[in-house]
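Input: a single structure, listed below in structure tokens.
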């Protein structure tokens with residue numbers, strides 16, 4: 001096996017291990033909170049020593065940053081899939097049910113990350129930078145549906161972008177306050193709200 005292939009295999013294994021650590025940390029953060037879960041707890045949850053985790057992440061902050069970056073990659077991939085379809089509005093509406101399900105499923109972890117960002121400037125910077133990228137892409141989707149908005153009313157484009165994102169992010173809080181929400185009905189209602197907003 002060539003050195004190049006060996007290096008690729010090694011990097012592949014390291015990336016798999018990084019993702020395993022992120023998954024284990026997510027479960028620990030959901031269960032015990034960011035500050036309640038130690039590196040030892042994360043390591044123990046999948047049979048690795050705490051010292052070994054530091055070969056991949058220098059701190060719990062670094063783990064959160066990697067989680068945020070992973071979520072960004074997933075979000076950009078979903079936005080790209082919407083863009084590939086000819087009818088952007090219908091593609092956006094078609095993605096609503098999945099968006100509702102994801103936001104509710106991730107509510108505990110997202111709440112932990114937002115809470116940490118509210119008091120930790122380093123985490124806040126990563127969260128805010130990531131949000132800026134997503135806002136830009138969501139605005140581009142809205143502009144595809146309403147092409148004249150960017151030039152004629154850029155502030156309204158920014159407002160609609162914020163509202164559209166808030167509709168889904170608000171489910172994080174609602175899922176914690178009211179865990180018995182009916183996801184199917186939420187999806188139906190959200191589609192109507194989004195369709196109305198993007199056609200006016």
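Residue 4 is checked against (1) assigned to a helix (DSSP H, G or I); (2) modelled with pLDDT of 90 or more and fails just one. What number does that condition carry?
Condition not satisfied by residue 4: (2).
Which of the residues that make up segment 58-87 are under 24 Å from residue 184 (Cβ atoms) and either at pLDDT 95 or above or within 15 Å of the chain's Cα centre (by Cα) (or both)? Don't jump to the end; show me each part of the working.
Filtering segment 58-87 for residues under 24 Å from residue 184 (Cβ atoms) gives 74-75, 78-79, 81-82, 85, 87.
Once the filter is applied, which keeps residues that are under 24 Å from residue 184 (Cβ atoms) and either at pLDDT 95 or above or within 15 Å of the chain's Cα centre (by Cα) (or both), segment 58-87 yields 74, 75, 78, 79, 81, 82.
Do we have any residue at all in segment 68-83 that's out of contact with any strand residue (DSSP E or B) (no Cβ under 8 Å at 6 or more places or on another chain) and in a loop (DSSP other than H, G, I, E, B)? Step through it out loud before you land on a result.
Start the filter on segment 68-83 by keeping residues that are out of contact with any strand residue (DSSP E or B) (no Cβ under 8 Å at 6 or more places or on another chain), which leaves 68-83.
Subsequent filtering for residues that are in a loop (DSSP other than H, G, I, E, B) retains none.
Within segment 68-83 (the criterion being out of contact with any strand residue (DSSP E or B) (no Cβ under 8 Å at 6 or more places or on another chain) and in a loop (DSSP other than H, G, I, E, B)), the answer is no, since none of the residues qualifies.
State whether the residues of segment 38-52 include one that is more than 30 Å from residue 191 (Cβ to Cβ) and under 13 Å from the mean Cα position of the chain (by Cα). Break it down into steps so the answer makes sense when it comes.
Taking segment 38-52 and keeping what is more than 30 Å from residue 191 (Cβ to Cβ), we get 38-52.
Within this subset, residues satisfying the condition of being under 13 Å from the mean Cα position of the chain (by Cα) are none.
There is no residue in segment 38-52 that is more than 30 Å from residue 191 (Cβ to Cβ) and under 13 Å from the mean Cα position of the chain (by Cα).
Within segment 108-126, track down each residue that is surrounded by fewer than 20 Cβ atoms within 10 Å (Cβ to Cβ) and touching a residue at least 12 places away in the same chain (Cβ under 8 Å).
Looking only at segment 108-126, we keep the residues that are surrounded by fewer than 20 Cβ atoms within 10 Å (Cβ to Cβ), and these are 108-109, 111, 114-115, 117-122, 124-125.
The answer is 108, 109, 111, 114, 115, 120, 122.
The values are calculated or read from the model by the stated rules, or taken from the named source; none is laboratory data. Just so we're clear, the structure is a prediction, and the values are computed from it rather than from any experiment. Cβ atoms come from the backbone with ideal geometry, glycine included; neighbour counts cover every protein chain shown.
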